[in-house]
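The values are calculated or read from the model by the stated rules, or taken from the named source; none is laboratory data. Small disclaimer: the values here were computed from a predicted structure and weren't measured. All Cβ positions, glycine included, derive from the backbone under ideal geometry; neighbour counts span all protein chains shown.
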């Protein structure tokens, strides 16, 4: 590949933006995405700020731009296994796992119909099952099915292969190594939600009617596990009351010692989801501080005008099951009184942790104490790999990272 290639690690909104910004200046860009398709966390959203529209709004345009740009190479089911060299002259090794489906795929779905084994749906956070021959999601790019490796070597795999009349199922695909000469590397590996099961006083993950904010986002989506209907996981019933617990594990020296900056706004957005489906539901928000910067403050003010929404300043000390209800125990720091509130469903507003916090990246990519990338010479970071940010800020970050990376393409 050209010495003017820029490698982008991560194919979420930040990674796609960085690759597009670089490629549309005439530079070559390579996107290395760990999952089977591009889109990252944004593809899982029901709506996102600031336009409050579904991910297809904006994401579809970016995917089309990538598809139509010959200077962008996309590797999915791939990870960077090594980085050597220096700014202007890196060598990056990419390890790509087999997809078991080639470019002949027409997305007809015959392979899914022939498959009997089911696996957890990673796109829907494991909240439903899908067949082991599947399309990652409706906006998937590449627009190609995937065969889960768990059925390779089984009769199920042979049935899937036989069902494909286009010869798209290739069960002999092998893992491959790809070498890329690059001028710069942009890390846009994104984030994962903090695992609130680590917090014992939230039930340690044992309560069915306690979910995270990212789970509620998927549940609220029409392509989610309940087709957009917000229901209690325990019995599939509707809700009459719901509690949002802010800073669930965040701003806590025992877990995440920082504020993720987007959780308050996300909760207020999700209050809107609740209100659309349940006009009379009682909504309780337990918070330390409400942080809704800039134009998002208008959403907060609107939520405060809702007489069935109560904002209580105070840290939640514990959750308990009480019959078929959840009991939220908290202290009202403004009055100094302790409170207990029964609700049908509890949503934990969990913070953002960088995806590579535990695994890191090869080639001297440095991380700070919280796992966020520390940029180096020729290695740049964008989006939530750099710090907790919303979608709009991620794209701005990515543009800045691309501009810095382009400067490395003129180095000898």
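If you go through the range 1-35 and keep only what is buried (at least 24 other Cβ atoms within 10 Å of the Cβ) and assigned to a loop (DSSP other than H, G, I, E, B), you end up with 10, 11, 12, 33. Exactly one residue out of 140, 132, 197 is crowded, with 21+ Cβ neighbours inside 10 Å and more than 27 Å from residue 9 (Cβ to Cβ), and it is 132. Summed over the range 281-307, residues that are over 17 Å from residue 248 (Cβ atoms), in a loop (DSSP other than H, G, I, E, B) and out of contact with any helix residue (DSSP H, G or I) (no Cβ under 9 Å at 6 or more places or on another chain) total 2.
A residue that is under 30 Å from residue 233 (Cα atoms), modelled with pLDDT of 95 or more and crowded, with 19+ Cβ neighbours inside 10 Å occurs nowhere in the range 361-382.
Yes/no per residue for (1) in a loop (DSSP other than H, G, I, E, B); (2) at pLDDT below 95:
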position: 331; (1), (2): no, yes
position: 334; (1), (2): yes, yes
position: 341; (1), (2): no, no
position: 347; (1), (2): no, no
position: 356; (1), (2): yes, no
position: 384; (1), (2): no, no
position: 393; (1), (2): no, yes
position: 404; (1), (2): no, no
position: 411; (1), (2): yes, yes
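Taken across the range 43-54, residues that are closer than 15 Å to residue 10 by Cβ and crowded, with 22+ Cβ neighbours inside 10 Å do occur, with at least one present. So, residue 315, is that one under 23 Å from residue 229 (Cα atoms) and in contact (Cβ under 8 Å) with a residue 60 or more places away in the chain or not? So residue 315 does not fit the description; no. Checking 332, 289, 324 one by one, the residue that is under 25 Å from residue 270 (Cα atoms) and in contact (Cβ under 8 Å) with a residue 40 or more places away in the chain is 324 and no other. Are any of the residues in the range 231-243 closer than 30 Å to residue 386 by Cβ, at pLDDT 95 or above and surrounded by fewer than 22 Cβ atoms within 10 Å (Cβ to Cβ)? Looking for residues that are closer than 30 Å to residue 386 by Cβ, at pLDDT 95 or above and surrounded by fewer than 22 Cβ atoms within 10 Å (Cβ to Cβ), one finds none in the range 231-243, hence no.
Number of residues in the range 308-321 that are over 18 Å from residue 268 (Cβ atoms) and either in a strand (DSSP E or B) or not assigned by TED's automatic domain parsing to the domain that holds residue 242 (or both) equals 5. Taking the range 163-273 as the region of interest, the strands (runs of 3 or more DSSP E) fully inside it that hold 3 or more residues being out of contact with any helix residue (DSSP H, G or I) (no Cβ under 7 Å at 6 or more places or on another chain) and in the same structural domain as residue 386 (by TED's automatic domain parsing) are 176-182. The lone criterion from (1) more than 18 Å from residue 390 (Cβ to Cβ); (2) crowded, with 22+ Cβ neighbours inside 10 Å left unmet by residue 270 is number (1).
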